[in-house]
Amino acid sequence: MTENSLTLISHPLCPFVQRASIVLLEKDVAFERINVDLSAKPEWFLALSPTGKVPVLKVSQPSGEDAILFESVVICEYLNETLNGAEMYPQDALTRARHRAWIEFATQTMAEGWQFLHAKDTTTADAKRAAFRDRLAKLEAELGDGPYFAGADFGLVDAVYAPLFRYFGIIDEAVSAKVFDGLPRVTAWRAALGNRPSVKDAVLDTYPELFREHLRQQGAMIAA
C-alpha cells in the first residue's frame, strides 16, 4: 500500500477506533485520520457507515474508488493480513481461534467496564464492578507469564483490550485499585499495555482530560 491510501474515520474518545490505530501504529504505516462529531453525524459519514458508528476505514483502490470497511475487529484483521510488520495472530489455527474467542469475550467485558465507569449511584457501581471483575477473573485464569496476552509477542488480543484498560489509568487510583485487587496477572498485563508506544500514541495528548470531562458531563459518580 502507498502512503495515505488508508483513511481512518474516527472520534477522539472512541475505544474501538483506538484498536485500529494501535494496529496501524504497530505496522508503522502512514494513515490519514478524520474525526467526526457523533452527536451530529454528517451525511457523508452516514453514507459510508452502515451502523452509524466509528471506526470506518477507507482503503484507496487502483480504480480511484475507495473500499469501505467497518467494525473494529474486522478492520484490525484486514490490516494485519495486508500490511507488513509483525504478525499479530498466531500461525497455529487452534491457537488463533482461541485468540479470536477472547477478542469476542472483550465485547461484553468492555460493556461491563463502561457501565461501571458511568454508574451514577453506589448500588449500580457495586453491581457493575462485580460483573466486570468476574470477567477480569476469567482473563486472569487465561493469562500466562506475560507481559502480553500470549507472552512476549504483542498481538491483536492486546490491541483490543488496551483501550479498555486505559480508562483505569485516568480515573482515581483508589477506584481502579478496587477493580484490579487480587488480579496480579491482569494488573501486570494492563501495565505492559499502557507502556506500549502504539497504545500511548493511539490517542491525543489531551485524551485524559477529554475523558474526565466526558464522565463529568455524563454525571458519572466517579467523576465527582
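The values are calculated or read from the model by the stated rules, or taken from the named source; none is laboratory data. Keep in mind it's a predicted model, so treat the numbers as computed, not measured. In this analysis, Cβ positions are derived from the backbone assuming ideal geometry, glycine residues included, and neighbour counts consider all displayed protein chains. The accessibility values were calculated without ligands, DNA or RNA, using every heavy atom of the protein model including side chains. Shrake-Rupley method; radii C 1.70, N 1.55, O 1.52, S 1.80 Å.
Placing R0 at 30 angstrom, the Cβ-Cβ distance between residue 63 and residue 101 gives a FRET efficiency of 0.25 after rounding to 0.05. Springs join every pair of Cα atoms under 10 Å in this Gaussian network model of the chain, and among 34, 103, 22 the largest mean-square fluctuation is at 34. Working note: 222 nm ellipticity from helices only, DSSP H runs with n ≥ 4, each -39,500 (n - 2.57), summed and divided by the residues of the chain, gives -17000 deg cm²/dmol to the nearest 500. Would you work out the Kirkwood radius for the chain? I mean one over the mean of 1/r across all pairs of different Cα atoms, in Å. Here the Kirkwood hydrodynamic radius works out to 18.4 Å. The share of accessible area on the chain that comes from carbon and sulfur is 51 percent, using a 1.4 angstrom probe. Extents of the stretch 88-138, taken as max minus min of Cα coordinates on every principal axis and listed largest first, are 46, 16, 12 Å.
Charge dipole (Cα centre; +1 on Lys/Arg Cβ, -1 on Asp/Glu Cβ; no other charges) of the chain amounts to roughly 580 debye.
Residues considered: 115, 18, 91. Largest GNM mean-square fluctuation over the chain, using C-alpha springs under 10 Å, is found at 91. In this structure, the pairs whose alpha-carbon distance is over 25 Å, taken from 41/200; 138/178; 120/178, are 41/200. The long axis of helix 72-82 is offset from the longest Cα principal axis of the chain by roughly 50 degrees.
Helix 207-218: angle to the longest alpha-carbon principal axis of the chain, degrees 0 to 90, nearest 10? Helix 207-218 and the main axis of the chain meet at about 60 degrees.
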